[in-house]
Amino acid sequence: MMTYTTMESPLGVLLLAGCEPAAGGAQAALATVSFADAVDPAERPDWRSDPSAFTDVSRQLTEYFDGGRREFDLVHTARGTAFQQRVWAALDTIPYGTTVSYGDLAARLGVPRDRIRAVGAAIGANPLLIVRPCHRVIGASGALTGYAGGVDRKRELLTLEGALQPQLV
């Protein structure tokens, strides 16, 4: 059984979901952070709403959006292949307020240039948006490409972190 809740954010409603805690456990282990407009929990019969399941996650995300948090300290159970886990661990090392290209990340991992698309696919499979900073990976030209929440949200996250200058409207 998965437990979920939602929270308001400057980018829209976030969906937080994870495994229910063991009997007497404090919080559910986080498995996914996504935008609520991309996932409908009502279509998942094994998901149960619990507004109190992710209070610490919600607090840390709120602190991040308010500019007071640069790293997350959360228990999570995001599952993936060994390769995905390796790429995701590399994402966790990209400092707040910086960006890295897909090619540079692949080089850090020792992945040959002809496998950069595999690195991109692993980044695209990241189930912990915002918490695991896949938004900090950009194209070699500096272009903002590929973000599950949409490029506009990627731009807003990088602007919040000071990696991009605010756009004038």
*asked:* Just the residues that are in contact (Cβ under 8 Å) with a residue 60 or more places away in the chain and part of a helix (DSSP H, G or I), please, taken from segment 149-169.
replied: Arg153, Glu156, Leu157, Leu160
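Can Ala38 be described as under 17 Å from Cys134 (Cβ atoms), hydrophobic (A, V, I, L, M, F, W, C) and either assigned to a loop (DSSP other than H, G, I, E, B) or open to solvent by 20 Å² or more (accessible area, probe 1.4 Å) (or both)? Let's see the steps before the verdict.
Numbers: under 17 Å from Cys134 (Cβ atoms): yes; hydrophobic (A, V, I, L, M, F, W, C): yes; either assigned to a loop (DSSP other than H, G, I, E, B) or open to solvent by 20 Å² or more (accessible area, probe 1.4 Å) (or both): yes.
Yes, satisfied.
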*Which of the residues spanning segment 70-85 are under 15 Å from the mean Cα position of the chain (by Cα) and part of a loop (DSSP other than H, G, I, E, B)?*
Arg70, Glu71, Phe72, Asp73, Leu74, Val75, Thr77, Ala78, Arg79, Gly80
*Can you give me the number of residues within segment 44-61 that are touching a residue at least 24 places away in the same chain (Cβ under 8 Å), assigned to a loop (DSSP other than H, G, I, E, B) and open to solvent by 50 Å² or more (accessible area, probe 1.4 Å)?*
4
*How many of the residues making up segment 117-143 are of a type in the set (S, T, N, Q) and either touching a residue at least 60 places away in the same chain (Cβ under 8 Å) or open to solvent by 30 Å² or more (accessible area, probe 1.4 Å) (or both)?*
1
*Within segment 117-135, which residues are over 20 Å from Ala31 (Cα atoms) and of a type in the set (Lys, Arg)?*
Arg117
*Read through the list (1) closer than 22 Å to Phe35 by Cβ; (2) in a helix (DSSP H, G or I); (3) open to solvent by 20 Å² or more (accessible area, probe 1.4 Å); (4) in contact (Cβ under 8 Å) with a residue 24 or more places away in the chain, then give the number of the only condition that Gly146 fails.*
(2)
*Could you tell me whether any residue of segment 86-96 is in a helix (DSSP H, G or I), under 14 Å from the mean Cα position of the chain (by Cα) and of a type in the set (S, T, N, Q)?*
no
*In segment 77-116, what count of residues is obtained for those that are open to solvent by 80 Å² or more (accessible area, probe 1.4 Å) and either in contact with a strand residue (DSSP E or B) (Cβ under 7 Å, 6 or more places away or on another chain) or within 11 Å of Pro133 (Cα to Cα) (or both)?*
2
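The values are calculated or read from the model by the stated rules, or taken from the named source; none is laboratory data. Just so you know, these numbers come straight off a predicted model, no measurement behind them. Backbone-built Cβ (ideal geometry, glycine too); neighbour counts: all protein chains shown. To get the accessible areas, we keep the full protein, side chains included, count just its heavy atoms, and leave off ligands, DNA and RNA. Shrake-Rupley method; radii C 1.70, N 1.55, O 1.52, S 1.80 Å.
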